[in-house]
Amino acid sequence: MENVRRYRALASLCRQQAAYRPLQNWQLLGQAEHFEHLAETALKAHFDACNVQRQDDAAAAAVWETPVAA
């Protein structure tokens, strides 16, 4: 999650720079778009990892809750 914050901060800085540098506007906005893409990719990877862990925990809980016939 720390990387997501960093990528979004860098994208914000690029957009701010683009406002003050009209000649490099397109390049800075492209970099901002790239950092936003990296943030989305990192965020998706984080949530995918969390969902896999949650599914594993649910499967382990189901094993413990299985009734046993005597």
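The values are calculated or read from the model by the stated rules, or taken from the named source; none is laboratory data. Here the structure is a predicted model, which means the values were calculated and not measured. Neighbour counts run over all protein chains shown; Cβ positions are idealised from the backbone, glycine included. Quick note on the areas: whole protein, heavy atoms, side chains included, nothing else; ligands and nucleic acids left out. Shrake-Rupley method; radii C 1.70, N 1.55, O 1.52, S 1.80 Å.
Tabulated data for the structure shown
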{"quantity": "Residue in the range 23-37 that is outside any helix (DSSP H, G or I) and open to solvent by 100 Å² or more (accessible area, probe 1.4 Å) present", "calculated": "no"}
{"quantity": "Residue list for the range 2-22, restricted to those being in contact with a Leu (Cβ under 8 Å, 6 or more places away or on another chain), open to solvent by less than 100 Å² (accessible area, probe 1.4 Å) and farther than 19 Å from Ala45 by Cα", "calculated": "Cys14, Gln17, Ala18"}
{"quantity": "Near pairs, Cβ below 8 angstrom, 6+ apart or cross-chain, from the range 30-54 (under 11 Å from Tyr7 (Cα atoms)) to any residue that is of a type in the set (Ser, Thr, Tyr)", "calculated": "Ala32/Ser12; Phe35/Tyr7; Glu36/Tyr7; Leu38/Tyr7; Ala39/Tyr7; Ala42/Tyr7"}
